[in-house]
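One structure is given here, and the rest of the page talks about it.
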Amino acid sequence: MSIYEMFVQIWELDFQMGLFDKAYFQGLVKTGQLKVEDYKKVTGEAYVEPQTQS
């Protein structure tokens, strides 16, 4: 198991416990720390690029 895979497992637990919300994980995807396919694994929903306010 890679360190990244361990982080994904920890993030799944963090999300389930309510420590972080979807916006936090969207930020991780934007910075390349979390893969799009793993966003769904963590949050249970497909990743959708957040809309920016103009």
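Here, each number is a calculation from the coordinates, and none is a lab measurement. These figures come from a predicted structure and were not determined experimentally. FYI the Cβ positions are ideal-geometry reconstructions off the backbone, even for glycines, and counts take in every protein chain you see.
Quick look at the numbers
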{"read-out": "Modelled FRET efficiency - R0 25 Å, Met1 with Ala23, Cβ distances, 0.05 increments", "value": "0.35"}
{"read-out": "Cα-only radius of gyration and Dmax that characterise the chain, units Å", "value": "11.1, 42"}
{"read-out": "Loop trypsin sites (Lys or Arg not before Pro), the stretch 8-54, which have at most 16 other Cβ atoms in a 10 Å radius of their Cβ (DSSP)", "value": "Lys35"}
{"read-out": "Positive minus negative residues near Tyr4 (Lys, Arg vs Asp, Glu; Cβ under 11 Å)", "value": "-1"}
{"read-out": "Debye, to nearest 20: dipole size of the chain, +1 on Lys, Arg Cβ, -1 on Asp, Glu Cβ", "value": "100 debye"}
{"read-out": "Helical mean residue ellipticity (222 nm; -39500 (n - 2.57) per DSSP H run of 4+; nearest 500) of the chain", "value": "-17000 deg cm²/dmol"}
{"read-out": "Folded to 0 to 90 degrees: helix 3-16 orientation relative to the chain principal axis, Cα", "value": "70 degrees"}
{"read-out": "In the stretch 12-50, the GluC sites (Glu not before Pro) that fall in loop regions by DSSP, at most 10 other Cβ within 10 Å", "value": "Glu45"}
{"read-out": "Modelled label reach - Leu13, point 7 Å along Cα→Cβ, the stretch 33-54 residues with backbone N closer than 20 Å", "value": "34-35, 38-44"}
{"read-out": "Sum of side-chain charges, Val42 neighbourhood, beta-carbon under 15 Å (Lys, Arg +1; Asp, Glu -1)", "value": "-2"}
